[in-house]
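Here the structure comes first, spelled out in structure tokens, and everything after it is commentary.
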Amino acid sequence: MREDRRRRRRSGRRRITLKMKRKLALLFCTIVLILIGIFGWLVYIIRVSGEQYTRKVLAQQDTGSILLPYKRGDIYDRNGTILATSEKVYNLILDPAVLLENQSDQPEKDCVEPTLQALVTYFGLERSELNTILSEKKSRHYVPLAKQLTKDEVSEFEKKMGEEKSRIAGVWLEDAYIRRYPYQSLACNVIGYTVAGNVGQYGIEQEYSEVLNGENGRSYNYLNEDLEREKTVRAATDGNNIMSTIDATLQGIVEKAIDDFQEKYRDAFREGDGSYTAAAVMMNPNNGEVYAMASNRRYDLNAPYDVVANGLYTEEEANGLSEEERLNALNELWRNFCISDTYEPGSTVKPITVAAALETETIHDGDTFLCDGKKNVAGKDIWCAKKVGHGVIDVEGSIMFSCNDALMQIAEKLGENNFSRYQNMFNFGLRTNIDLPGEARTDSLIYYAKENAPSENLIMRTTDLATNSFGQNYNVTMIQVASAFSSCINGGYYYKPHVVKKITDSSGGTVENMEPVLLRTPISSKTSALLRRYLYNTMYGPTDANGNGASGRNARIAGYSMGGKTGTAEMIPRDKTNYLVSFIGFAPADHPEVVLYVIVDRPNAEKQYSSAFAQELWKNIMKEALPYLNIYPTEEVPEDMREEYEADQAAAAAAAEEEQEAEEEEEPIPEGTLVDPQTGETVQMPDPSTIDQEDPSVMGDVPINDNLLDVKPADAMADEEDDNPTE
């Protein structure tokens, strides 16, 4: 019995021990699982939010951090000329807390007085203001004193700070950047500008703002566990650069020609410039690259808000403007007319109508039409520009003589459905999606075939088809017309227009090449070839038996083979008062390399409807642009242009002679002197007769030190140089 009790006690103890072991095992497993969970959570936090918590820790320990700004990327023209850049400047920062830590009753140790005196001396700051800052912001670590200082403005102060005994403390120069535009207003509507915080406004600056912007860095000063100051630097990442398709030289040619035109016709009929608006788009028809885009609405990119400097108002007028009036005036100046404004194109789009009819085989080359000066449409007479009629003309003549009557007959054959379909294929009514902000919508400014019309009032009626055929009664933008026309003469390929050619990183490496985007092929190469021939004869064709002459003859340039089309659009209200005239053309005629489209809105003349104004502007641009593009005369000079050609040659010879005479009149460089290519200074060279060439104490104008022992012979020195070719 006693033995049984002992067995029971031992059994009870074993059960208790077993239970305890189980509980301990369970507790151990629980602790292990908790630790694993904590470890996993820490890993997750480090991977997902590590940088965020690191910043919080640094912020708690921060004793002064400095922003390291990124450099916004540059914008170049297609040849590498800088159009926009970020210039390094400096902000002068005072740290009152640090400065006061270095205050001392002992003059030789005190830093406050030397620091304040230096700020007054080198930056012209008021001592009283500095004293106020120290008394009111004594615990602050960051107080800006001056911003956007240039290198020249801070260089002397930096030298002073670098002196061993300067005792300047609590002041530093913070790096910053300011946007600069070296060519002021050149291509302003394409480039755009920036406002505070590197925010792009208009143009490439806005469209590619994220590409141009980088990421700021920061320098953290913090106290480590030993309460010692340490620094952690996260470097800034500079933005990418943009190489545009714009050619600065061509842009300059276009802008100068517009300015000359505006000045030539100033006050000719009414008070003011030569027109309300003169604008031009030059592009490569074979890939959609825009070479130049400009109007007379230009402004200085370095001072985009200055209404006086940009010629909008006088100082007195500007003082009386409300803020709303000021912004309204500036918005008109900032708008890129070539993509943001719409208008009725007139006859420059007649080739589009003819192209659609040829492509659908509605008409054929050689078909003829009778123009009697008008066509009755739905009971209403719609007149041709030549009211006595062109007589019997063929398809080529409909473009060559710009006949509205023939175009209305062609459109009638084509029908509303085909006409509307080809308008869509040539991108009328659609955005071209050029890589610039602010492109106008024209979907509600054209008519549609009944089944595709978005609303009842946009259904194309018979009269709409008739007037649309020659470019009236619907609206377009300049970039739409230039792109559509390019596809008519380049073999039938419609390319998306664009102004950016390449994106590079801050080191110059290519990030992305902007390849041409072919959107569609609205017509065949055969139709395109016919259009090139028609457009060539529109400028160079002979007068026909009915006395009809080529409508684009005024735009010809002696010796060149080109093609083009005139345009005259009567503006609303149709009171035969206000007109927009235009001309679009290309060169060379057989293999087009460049297309130029110009418009002149309400020329300063009593009779605005003459397309000669637009042809004159077009011709003046192309005269300079073609040689620059390495496109040279290949044709004989027409007899009726001989006098003009000889006058141009004589003027060029006279200009060259004047230039040569000016060079000869320049003061000659005195004998025995040379101009230093680095400094431009005239330097007097030593007189060889006064130097003893055999004097062994002279070697390369440097006296030989007699104490030099290791002097190598000339041949040994030459051998050594050969072994170090990179030097």
Among rounded, prolate and oblate, which fits segment 474-603 when a ≥ b ≥ c are the square roots of the eigenvalues of its C-alpha gyration tensor, a/c under 1.5 means rounded, and a/b larger than b/c means prolate? prolate
Label-point separation (nm) for ASP505 and GLU129, each offset 7 Å from Cα along Cα-to-Cβ? 4.3
In segment 345-403, which trypsin sites (Lys or Arg not before Pro) fall in coil by DSSP and have 11 or fewer other Cβ atoms within 10 Å? LYS387
Does a label point 7 Å from the Cα of ASP105, set along Cα-to-beta-carbon, have any residues of segment 134-171 with amide nitrogen under 14 Å, and which are they? none
For segment 458-560: accessible area per residue (Å², 1.4 Å): 35
Shape of segment 370-425 from its Cα gyration tensor (a ≥ b ≥ c, root eigenvalues): rounded if a/c is under 1.5, otherwise prolate when a/b > b/c, or oblate? oblate
With a Förster radius of 35 Å, plug the Cβ-Cβ distance of ILE46 and LYS88 into 1/(1 + (r/R0)^6) and report the FRET value to the nearest 0.05. 0.45
Using only DSSP helix segments of four residues or longer, with each worth -39500 (n - 2.57), what per-residue ellipticity at 222 nm results for the chain after dividing by its residue count and rounding to 500? -12000 deg cm²/dmol
Lys, Arg +1 and Asp, Glu -1 on Cβ, resulting dipole of the chain about Cα centre, debye, nearest 20: 9140
Among ILE557, VAL377, SER185, which residue has its Cα furthest toward the positive end of the charge dipole of the chain, with +1 on Lys/Arg Cβ and -1 on Asp/Glu Cβ? VAL377
Under 28 Å from the Cα of LYS413, which lysines turn up, not counting those fewer than eight places away in the same chain? LYS350, LYS374, LYS375, LYS380, LYS386, LYS387, LYS450, LYS526, LYS565
Total formal charge among the other residues, if their Cβ is under 15 angstrom from that of GLN262, Lys/Arg +1 and Asp/Glu -1: -2
Could you do me a favour and compute the accessible area per residue for segment 123-172, 1.4 Å probe, result in Å²? 68
Charge context of ALA196, other residues only, Cβ under 14 angstrom, K/R +1, D/E -1: +2
Could you state the number of Å between the C-alpha centres of segment 79-104 and segment 260-294? 43
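Which of the GluC sites (Glu not before Pro) found in segment 128-228 are loop residues per DSSP with 12 or fewer other Cβ atoms within 10 Å of their Cβ?
GLU163, GLU164, GLU225, GLU228
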Assuming 0.36 nm per residue, please report the length gained on full extension of the stretch ASP575 to GLU263 beyond their Cα-Cα distance. 109.6 nm
Full-stretch length increase - ALA303, LEU18 - with 0.36 nm per residue and alpha-carbon distance subtracted: 93.8 nm
Calculate the FRET efficiency for TYR628 and ALA662 from the Cβ-Cβ distance with a Förster distance of 30 Å, rounded to the nearest 0.05. 0.85
Pairwise label distance in nanometres, GLU593 with THR121, each label 7 Å out on the Cα-Cβ vector: 6.3
Of (1) 67, 46, 29; (2) 46, 31, 27; (3) 52, 29, 24, which one was derived for semi-axes √(5λ) of the Cα gyration tensor in Å from the structure shown? (1)
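Classify segment 66-172 from the C-alpha gyration tensor, please: rounded if a/c falls under 1.5, else prolate or oblate depending on whether a/b exceeds b/c. Mind dumping the intermediate values first?
Numbers: a/c = 2.87, a/b = 2.29, b/c = 1.26.
The shape class here is prolate.
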For TYR313 and ASN79, compute 0.36 nm times the residue count separating them, minus their Cα-Cα distance, and round to one decimal in nm. 80.7 nm
So, counting K/R as plus one and D/E as minus one, what does the shell of residues with Cβ under 12 Å around LEU83 add up to? -1
Estimated distance in nm for a label pair at GLN184 and GLU163, the labels positioned 7 Å out from Cα along Cα-to-Cβ: 4.1
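The values are calculated or read from the model by the stated rules, or taken from the named source; none is laboratory data. Since this is a predicted model, take the numbers as computed values, not measurements. Here Cβ is always computed from backbone atoms with ideal geometry, including for glycine, and neighbour counts include all displayed protein chains. To get the accessible areas, we keep the full protein, side chains included, count just its heavy atoms, and leave off ligands, DNA and RNA. Shrake-Rupley method; radii C 1.70, N 1.55, O 1.52, S 1.80 Å.
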